[in-house]
């Protein structure tokens, strides 16, 4: 598998004692949409800036397209589109001129401008000044500026930040489309699990500057295609035996609590109904492990 | 290299897209236009172009010169401050710096492309300014009449030179402001810092000496020395140091920008620290090298040369010492050029070249100097420009303008005089400031006056303050007769700096005042001040100093004496105290000249020609009183007196008196035109032999009025001017008319 972005123990600190990023090792395969997930202040933006060379990486631990990033700056940006931190636009210029500027510095034929404008649905406002744009339009223009010239790699920092639900869906569709149609590798950061879940093929989770998880979306869903619940129940040990006999995996947690592994969340009501019908006295049912719980757990510790 | 250039070029093109709609170049255009525009309006509506000028000059250069300083000192720096901030702000405001770093642009291209934008804006402003000052001149003379002598050819080389000098001089300020604007992301602060530096500069530049490396000062020098280098350099040294400053701030700004922090940029590795150190060292040393002062190298010969631009051909000139009127050399003038090599040792002083007994040219020099005087004599006006080894000294004299002194105000107005120590302290402080300032003078090219001149200049400054001190002491004596004024140690040391026998200062009037005050201050006799002074001088020990001093003193007093008796007394009592035979002879000669022109002496004949080329002699008028106005068309005071003289002629035309206006013009046609227009009641004559007239009647200055009696004898060889009532009173007396009521 070809890796487009690869870091080995990427570390960054402003002062000697406080690391912002610690031993971050991430691998972004070609053709993936890599969701970089983490709560606010986890170090997402710093990582993004390191990966785009805005913050210099003195230890030379970042490889892009298989080669050291430091050696490729700035020519590598003819193959990269980046939207780092919420939209860097020239507000006094029209949407068209913003794109013309990028086309000039990236040596891209200005004819492409109308294409990307069409893609982000801004053709109707192309001669309007960017300062008159709504937040969503600005965001879309910024994405267009990252997209122009068909880059091989896209860096998008919180691209749906501040958009309304409709806009979020539009952007998501757009990203999936360019990923599928043009094979663009997309590295996208977000603090919203649901967002990442819906479009990414790969996921990296960062909290307090450390990578907590990295893997494909498929791996993740297999991890979480079962559902573990905890039931507070009378005569717990008896019920455990009974359940074990009927082929259901259980553990005895405390005197009154047993953990049960079900195939999915959806099985919970039927399972509980059956138990009650069988005469069990149930005081409490709690989901022990799900994707969200796991994620929250991961970032809190 | 080629790639980098391409990259930079792309970045500049991209910056032009980015600046769309910001009006940056328009701002430059307006800033360039504003001063020529205002100037045109003011001139056209006021129609005041100063007094008429006699010498030909380029009209464009003149008008450009009028407005150049307001551009270089205020408008242009202000523009640079605004433009740099504005250009950097385009990216600060919109997160553009990060955006640019995620494009294929190199950081050098990013930093330099925006800098180039400012340079283009500078070029537009300079060009607009120069272009419209030319247009402005054309416009002005659409509405007003141009001076006859004005030259209307466009001085292309001068303009191109000025353009390039302005551009180079602005580089340093631009690089510095750009550095600030990139580093400081707030628009207000980068503008404010620049603006306060500029305003601060404007305020204090009159109070203290601004260092040569201050960016605003470098621009100021372009207009201060609009002609450029005096020693033939293309750039002034300040303009060259602008390049160094610009390079330094571009380095500093670029590295800081590129590596984001000072530490990373300059100290993070040995290599970078070494580079920073090298750049700093090179900057400092190249600046020190450029800013070192120079002194003009001397020859082993003393050469005095010159050229006179005039329609008149001159023949002879004398190089004299102005005080003792000692002739140092006689100069032959051929084709209006002169050149002489002096072999004797000559102390530093202000000498005079008198051309054909009429045109005086002041020259400052000493042995081993080479002086070239470019003299222009046109329309009866004289203009001199001096070149050669004393140009720093000449510049110093020109720059040394009068400055207001609180101290002399206090002494003149009797303020704070009760506090003797305070006044003395202020006097010392003010003296010290001026004394030190004499050391710091530099020309445009960083040349300093020579030590002999500086030493003398310092003495003159000291004398000025000692004279003030004496004035103060006199006032103290009068206002507080019972209090004793004790001199402070500082003041005593000040007094010890000036010797009472300094021969080099003898030509200086203030020194004489000081000297005579010091010599006579203990003389309590209740007699005439002049007498006290001459007594004091004559009791000095015999020396050349005493000779010269006494000579000078006698000369002045003989001139001013109002009776033959006083003159005789002066000469009888003191002339033999001058032991130098040359000076002694000279003073007797002066005495005899005045004697010869005394009342009752036979008047030497004057031969002159009238407008019809008829020759006249004084003998023609025997039996009549003759009053002569010696004048010339180029002499302003003569022209002022002339109408009053004519009025007298009209009033007394029936009396037994002939009024004659005797011209000493070199240019007879000038006289002819001017005399033709004058009143017929005055006989208009032109002297045939001016040299003889000058000698016979000791004419040192004109106008001069001479009254000769009916027997051809002198009645008064130096009459009061006709504007004074005494003139008419004398006339009425000789004509036996009764006194006026």
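With respect to the conditions (1) out of contact with any strand residue (DSSP E or B) (no Cβ under 6 Å at 6 or more places or on another chain); (2) at pLDDT 85 or above; (3) within 25 Å of residue B:453 (Cβ to Cβ), residue B:324 falls short on a single one, namely (2).
Here residue B:423 qualifies as surrounded by 19 or more Cβ atoms within 10 Å (Cβ to Cβ) and either within 22 Å of the chain's Cα centre (by Cα) or farther than 27 Å from residue B:701 by Cβ (or both).
Listed residues A:33, A:55; which is on the phi < 0 side of the Ramachandran plot, at the interface with another protein chain (Cβ under 10 Å from one of its Cβ atoms) and touching a strand residue (DSSP E or B) at 6+ places or on another chain (Cβ under 9 Å)? Outline the logic, then answer.
Working: A:33 fails: at the interface with another protein chain (Cβ under 10 Å from one of its Cβ atoms).
Criteria check complete, one pass: A:55.
Exactly one residue out of A:228, A:212 is surrounded by 15 or more Cβ atoms within 10 Å (Cβ to Cβ) and in contact with a helix residue (DSSP H, G or I) (Cβ under 8 Å, 6 or more places away or on another chain): that is A:212. Could you check how many residues of the range A:91-114 are surrounded by 15 or more Cβ atoms within 10 Å (Cβ to Cβ), in a helix (DSSP H, G or I) and either under 27 Å from the mean Cα position of the chain (by Cα) or more than 7 Å from every other protein chain (Cβ to nearest Cβ) (or both)? Adding up the residues that qualify gives 8. Look at the range B:316-343: where a residue is closer than 11 Å to residue B:304 by Cα and a partner is not in a strand (DSSP E or B), sitting 6+ places away or on another chain with Cβ atoms under 6 Å, you get B:341/B:301. With respect to (1) surrounded by 14 or more Cβ atoms within 10 Å (Cβ to Cβ); (2) modelled with pLDDT of 85 or more; (3) within 30 Å of residue B:559 (Cα to Cα), the lone exception for residue B:370 is condition (3). I'd like the residue in the range B:91-121 that is surrounded by 24 or more Cβ atoms within 10 Å (Cβ to Cβ) and under 13 Å from residue B:28 (Cα atoms) and, out of all such residues, is nearest to the other protein chains (Cβ to nearest Cβ). The extreme case among them is B:117. Every listed requirement among (1) within 14 Å of another protein chain (Cβ to nearest Cβ); (2) closer than 25 Å to residue A:129 by Cα is met by residue B:28 save one, (1).
With the requirement that a residue be under 9 Å from residue A:94 (Cβ atoms) and buried (at least 18 other Cβ atoms within 10 Å of the Cβ), what does the range A:127-136 give you? Before you say what the answer is, go through the steps one by one.
Of the range A:127-136, the ones under 9 Å from residue A:94 (Cβ atoms) are A:127-130.
Within the range A:127-136, just A:130 meets the criteria.
Of the conditions (1) under 20 Å from residue A:148 (Cα atoms); (2) within 13 Å of chain B (Cβ to nearest Cβ), residue A:15 fails just one. Which one is it? Residue A:15 satisfies every listed condition except (1). Close contacts from the range B:124-141, counting a first residue that is surrounded by fewer than 21 Cβ atoms within 10 Å (Cβ to Cβ) and a second that is outside any helix (DSSP H, G or I), with Cβ to Cβ under 8 Å and a gap of 6+ residues or different chains, come to B:134/B:154.
Only helices (runs of 4 or more DSSP H) whose full extent lies in the range B:174-272 are considered here, and the ones with at least 2 residues that are within 28 Å of residue B:158 (Cα to Cα) and assigned by TED's automatic domain parsing to the domain that holds residue B:159 are B:187-204, B:215-224. Scanning the range A:61-71 turns up no residue that is crowded, with 20+ Cβ neighbours inside 10 Å and within 8 Å of chain B (Cβ to nearest Cβ). Can we say residue A:74 is closer than 20 Å to residue B:264 by Cβ and at the interface with another protein chain (Cβ under 8 Å from one of its Cβ atoms)? Yes. Which of the residues spanning the range A:115-154 are farther than 18 Å from residue A:170 by Cβ, in a helix (DSSP H, G or I) and either out of contact with any helix residue (DSSP H, G or I) (no Cβ under 8 Å at 6 or more places or on another chain) or away from chain B (no Cβ under 11 Å) (or both)? Of everything in the range A:115-154, those that are farther than 18 Å from residue A:170 by Cβ, in a helix (DSSP H, G or I) and either out of contact with any helix residue (DSSP H, G or I) (no Cβ under 8 Å at 6 or more places or on another chain) or away from chain B (no Cβ under 11 Å) (or both) turn out to be A:131, A:132.
Does residue B:64 meet the test of being surrounded by 21 or more Cβ atoms within 10 Å (Cβ to Cβ) and away from every other protein chain (no Cβ under 14 Å)? In short, yes. Checking the range B:283-302 against the condition returns no match, with no residue being at pLDDT below 85 and on the phi > 0 side of the Ramachandran plot.
Consider the range A:155-179 and keep the residues that are closer than 25 Å to residue A:4 by Cβ and without any contact (Cβ under 8 Å) to a residue 12 or more places away in the chain. The one that is nearest to the other protein chains (Cβ to nearest Cβ) is A:177.
This table checks each residue for (1) surrounded by 12 or more Cβ atoms within 10 Å (Cβ to Cβ); (2) part of a loop (DSSP other than H, G, I, E, B); (3) assigned by TED's automatic domain parsing to the domain that holds residue B:417; (4) at pLDDT 85 or above.
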| site | (1), (2), (3), (4) |
| --- | --- |
| B:485 | yes, yes, yes, no |
| B:498 | yes, yes, yes, yes |
| B:511 | yes, no, yes, yes |
| B:515 | yes, no, yes, yes |
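Reported count of residues in the range B:142-157, each being touching a strand residue (DSSP E or B) at 6+ places or on another chain (Cβ under 8 Å) and part of a helix (DSSP H, G or I), is 0.
When residue B:540 is tested against (1) in a helix (DSSP H, G or I); (2) more than 20 Å from residue B:469 (Cα to Cα); (3) touching a helix residue (DSSP H, G or I) at 6+ places or on another chain (Cβ under 6 Å), only condition (1) is not met.
The condition of being modelled with pLDDT of 90 or more, more than 14 Å from every other protein chain (Cβ to nearest Cβ) and surrounded by 20 or more Cβ atoms within 10 Å (Cβ to Cβ) holds for only one of B:82, B:5, that being B:82.
The values are calculated or read from the model by the stated rules, or taken from the named source; none is laboratory data. What you see is a predicted model; the values in this text were computed from it and never measured. Positions of Cβ are backbone-derived with ideal geometry, glycine not excepted, and every protein chain shown enters the neighbour counts.
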